[in-house]
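Undergrad: Dumping the structure here so I can ask a few things about it.
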Amino acid sequence: MNRVLRPLRPRADRSGGGYSRMREPRGTPTCPPFRMTVENHEGTLMMRLASEACASRGRPCSIRLRFASWPAGLAAWLVLMGASTASAQDGLRWNQIQVIGSHNSYHIAPADGVRSLIAATGEKHAQGLDYTHPPLAQQFSERGIRQVELDLFHDPEGGRYARPRAREILRLKGTDAGPDPDARGELGRPGLKIFHVPDIDFRSTAPTLTGALKQVREWSDAHPRHVPLFILLELKGSSDSPLLSRPLPFDRKALEGMEAEILSVLDRSKILTPADVRGDAATLAEAVRKRGWPLLGAVRGRIVLALDNEDAVRDDYLAMHPRLDGQLLFVSVPEDHPQAAWFKINDVIADFDRIRNLVAAGFLVRTRADIDTREARSNDPTRRDRALASGAQFVSTDYPVADPRLSSYCVQLPGRVAARPNPVSAPGRGDSDLEGNR
């Protein structure tokens with residue numbers, strides 16, 4: 001039941017009992033009326049089941065209930081309202097929610113010495129990297145983050161990124177180089193690594209993909225009712241400068257190795273895959289447009305992986321299995337592509353209408369509320385507010401909490417809930433907390 005029902009004052013009838021009445025406007029189709037006497041806890045339970053059965057018919061209900069006393073009626077009323085709220089939430093599909101994500105979710109700001117080297121090329125470059133996130137599990141529990149972003153570097157032999165050049169330069173100058181990024185020896189072992197830029201922006205709360213996914217898995221297992229966690233993976237195989245260490249490219253073998261690493265930590269049943277959503281439809285895009293995403297209640301506790309790349313790496317990933325059969329990652333492709341399901345659209349100011357149209361059509365969108373720390377430094381909420389109003393399901397930020405060094409700017413949903421009904425694809429449902437106590 002999606003309407004608001006109001007109890008009327010009790011009144012006596014011939015038997016001395018009381019009535020609690022809940023009505024719809026005249027002419028509204030109704031379920032068959034029923035009566036029950038509420039005498040104890042079991043009576044309250046009976047009322048709840050009756051209200052759910054009525055609501056399951058998919059149309060408004062007009063219910064007239066008789067109670068032995070007003071306190072019993074009030075208790076039953078509270079249970080009825082709880083059942084109504086739960087029913088409204090469970091009727092949502094996954095794409096009909098909105099959550100906050102963290103940008104470069106592993107990131108730790110460069111140490112002072114490294115920051116000075118970066119600032120020598122331009123203070124704005126250094127300012128754009130001056131943000132820090134806590135470990136992933138802490139973001140989930142304390143900040144309500146439900147979308148994270150991880151940058152991956154191919155390192156099949158291990159040790160390729162264990163000794164960043166900025167630290168070596170500072171050590172030669174006799175300057176404090178900051179904490180050793182490989183203090184625990186993780187960067188020396190084979191496997192995918194997580195950081196932002198080789199040699200200069202390398203500090204990470206999760207230096208390896210397997211380590212990051214273990215954080216995700218352990219938190220998810222401890223909180224099985226969470227809305228799906230959306231993990232965005234950017235595979236970095238090129239460098240912005242010839243002076244920096246050159247990353248290894250992601251060829252087919254590397255892409256297969258990435259999926260093997262994922263499955264070494266996450267059970268496939270824990271992951272919502274493209275094939276799960278496509279089902280028996282001819283294409284993923286057709287499934288999204290015609291049948292829609294799974295119901296939220298069916299995918300709680302699941303993890304969803306998506307490829308950030310929109311370059312040759314994405315094309316190579318699609319070439320492995322054009323229908324994404326058996327593959328783990330959703331891909332961001334043009335709207336007319338058969339596998340279109342989600343879109344990365346960073347500029348919500350320029351693309352506000354496009355985002356709203358895609359969300360209304362059933363697609364997922366990730367956008368950004370702030371870029372390069374500018375909004376926090378100027379305390380400008382314009383981009384944030386447009387992002388939230390756009391209906392993008394994933395609103396990414398560097399500031400889920402304010403940085404007191406800069407301003408009060410932060411990005412949170414009303415009431416600091418972890419997930420709310422989507423303002424575009426589920427309008428009129430308010431800002432109720434879709435996870436409850438987290």
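The values are calculated or read from the model by the stated rules, or taken from the named source; none is laboratory data. Only a predicted model underlies this, so the values are computations on that prediction, with no experimental measurement involved. Glycine gets a Cβ as well: all are built from the backbone with ideal geometry, and neighbour counts include every protein chain shown. Please note that ligands, DNA and RNA were not included when accessible areas were found on the heavy atoms of the full protein model with its side chains. Shrake-Rupley method; radii C 1.70, N 1.55, O 1.52, S 1.80 Å.
Undergrad: I'd like the GluC sites (Glu not before Pro) in region 260-357 restricted to DSSP loop residues with at most 13 other Cβ atoms within 10 Å, sorted by number. Please list the in-between numbers first.
TA: Working: sites: GLU261, GLU286, GLU310, GLU335; in loops: GLU310, GLU335.
Of the GluC sites (Glu not before Pro), the ones in loops of region 260-357 whose Cβ has at most 13 other Cβ atoms within 10 Å are GLU335.
Undergrad: May I ask for the net charge around ASP325, where only other residues with Cβ less than 12 Å from the Cβ of ASP325 are counted and Lys, Arg are +1 while Asp, Glu are -1?
TA: Details: positive: ARG278, ARG323; negative: ASP276.
Around ASP325, the surrounding residues sum to +1.
Undergrad: Suppose the Debye formula is applied to equal point scatterers at every Cα of region 89-167; what is log10 I(q)/I(0) at q = 0.17, 0.18 Å⁻¹?
TA: -0.89, -0.95
Undergrad: Heavy-atom accessible area of THR175 with all protein chains present, probe 1.4 Å, nearest 10 Å²?
TA: About 60 Å², rounded to the nearest 10.
Undergrad: Which lysines, if any, have their Cα less than 21 Å from the Cα of LYS214, not counting same-chain residues under 8 positions apart?
TA: Within the straight-line cut-off, LYS214 pairs with LYS193, LYS270.
Undergrad: Along the three principal axes, how long is region 340-438 when you take its alpha carbons, biggest first, rounded to the nearest angstrom?
TA: Here the spans come out as 40, 35, 20 Å, largest first.
Undergrad: Modelling each spin label as a point 7 Å along the Cα-to-Cβ direction, I'd like the ALA389/ASP280 distance in nm, to one decimal.
TA: Here the modelled spin labels are 4.4 nm apart.
Undergrad: Also: On a straight-distance basis, which lysines could pair with LYS344 in a cross-link, Cα separation under 21 angstrom, same-chain partners fewer than 8 positions away excluded?
TA: LYS236
Undergrad: I would also like to ask the following. In whole percent, and with a 1.4 Å probe on the protein chains, what portion of the accessible area of region 280-358 is carbon and sulfur? Write out the running numbers ahead of the final one.
TA: Values: 1560 of 3230 Å².
Accessible surface attributable to carbon and sulfur in region 280-358 totals 48 percent.
Undergrad: Using the crude model of +1 on Lys and Arg Cβ and -1 on Asp and Glu Cβ, and no other charge, please compute the dipole size for region 286-438 relative to its Cα centre, in debye to 20. It would help to have the intermediate numbers written out before the result.
TA: Values: 22 positive and 22 negative charges, 128 e Å.
I would put it at about 620 debye.
Undergrad: Further question: Can you tell me how region 234-378 classifies by the Cα gyration tensor, rounded, prolate or oblate, using a/c under 1.5 as the rounded cut?
TA: Because a/c hits 1.5 or more and a/b fails to exceed b/c, region 234-378 counts as oblate.
Undergrad: With a 1.4 Å probe and every protein chain left in place, work out the accessible area per residue of region 379-438 in Å², rounded to a whole number. Numbers along the way, then the final one.
TA: On the way: 2460 Å² over 60 residues.
Accessible area per residue: 41 Å².
Undergrad: Ok, one more. Run the simple label-point estimate for ASP336 and SER141 please: 7 Å along Cα→C-beta, distance reported in nm.
TA: Label at ASP336, label at SER141, 5.0 nm between them.
Undergrad: Moving on. Which residues' amide hydrogens lie under 5 Å from the amide hydrogen of VAL365, considering only partners 5 or more residues apart or on another chain, with H built in the peptide plane?
TA: PHE343, GLN393, PHE394
Undergrad: Enter the accessible area per residue of region 278-319 (Å², integer; probe 1.4 Å; all protein chains in place). Walk me through the numbers before you get to the answer.
TA: Details: 1660 Å² over 42 residues.
Result: 40 Å² per residue.
Undergrad: Still on this structure, I have one more. Can you give the local net charge around VAL424? Use residues other than it whose beta-carbon is closer than 15 angstrom to its beta-carbon, Lys and Arg +1, Asp and Glu -1.
TA: Details: positive: ARG93, ARG354, ARG356, ARG366, ARG386, ARG420, ARG429; negative: ASP351, ASP353, ASP385, ASP431.
So the surrounding residues net to +3.
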